[in-house]
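The values are calculated or read from the model by the stated rules, or taken from the named source; none is laboratory data. Remember, predicted model here, so these are calculated numbers, not experimental data. Counting neighbours? That spans all protein chains shown, and the Cβs are built from the backbone with ideal geometry, glycine included.
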């Protein structure tokens, strides 16, 4: 590929009735300058294209990372939901077990209270029977004493003329 310096240094052979040398030289200078500008422009565009390609690659990496992060976030969310559901199920099972324990304890306490009430009722009935028996004995004793008093009064009245 030609470069601007080669265009500027290009020499042509001389011929009679040829082109005006100064005019050809000026044209070659103009062509070389334009060619140099075009080459510089192409170099800048190549650099810009490389820069844009690098940026595009970076954006593609960012896009890929974001997609991966989104997938990871979705998996994490799914895992968190499953973990929360398992934890909720476990809490429910624990609560049911605790409720069963409380119910069983309350039933046992109820049975104990019923037994205590039955025992107290039996003791009360026994006390009433004993008290009735004691009262009957005391009434019989009072009756005997009254009968003795009556007999003694009758004897004493019989001894009185």
Exactly one of 136, 129, 124 is in a helix (DSSP H, G or I) and either on the phi > 0 side of the Ramachandran plot or within 60 Å of the chain's Cα centre (by Cα) (or both), and that residue is 124
When residue 35 is run through (1) touching a helix residue (DSSP H, G or I) at 6+ places or on another chain (Cβ under 6 Å); (2) not in a helix (DSSP H, G or I), the failure sits at (2)
Going by what's in this entry, would residue 87 be described as within 30 Å of residue 9 (Cα to Cα) and in a helix (DSSP H, G or I)? no
Would you call residue 80 surrounded by 10 or more Cβ atoms within 10 Å (Cβ to Cβ), under 39 Å from the mean Cα position of the chain (by Cα) and either assigned to a helix (DSSP H, G or I) or modelled with pLDDT of 95 or more (or both)?
yes
Review point. Is it the case that some residue within region 44-52 is farther than 30 Å from residue 7 by Cα and more than 38 Å from the chain's Cα centre (by Cα)?
Key: yes
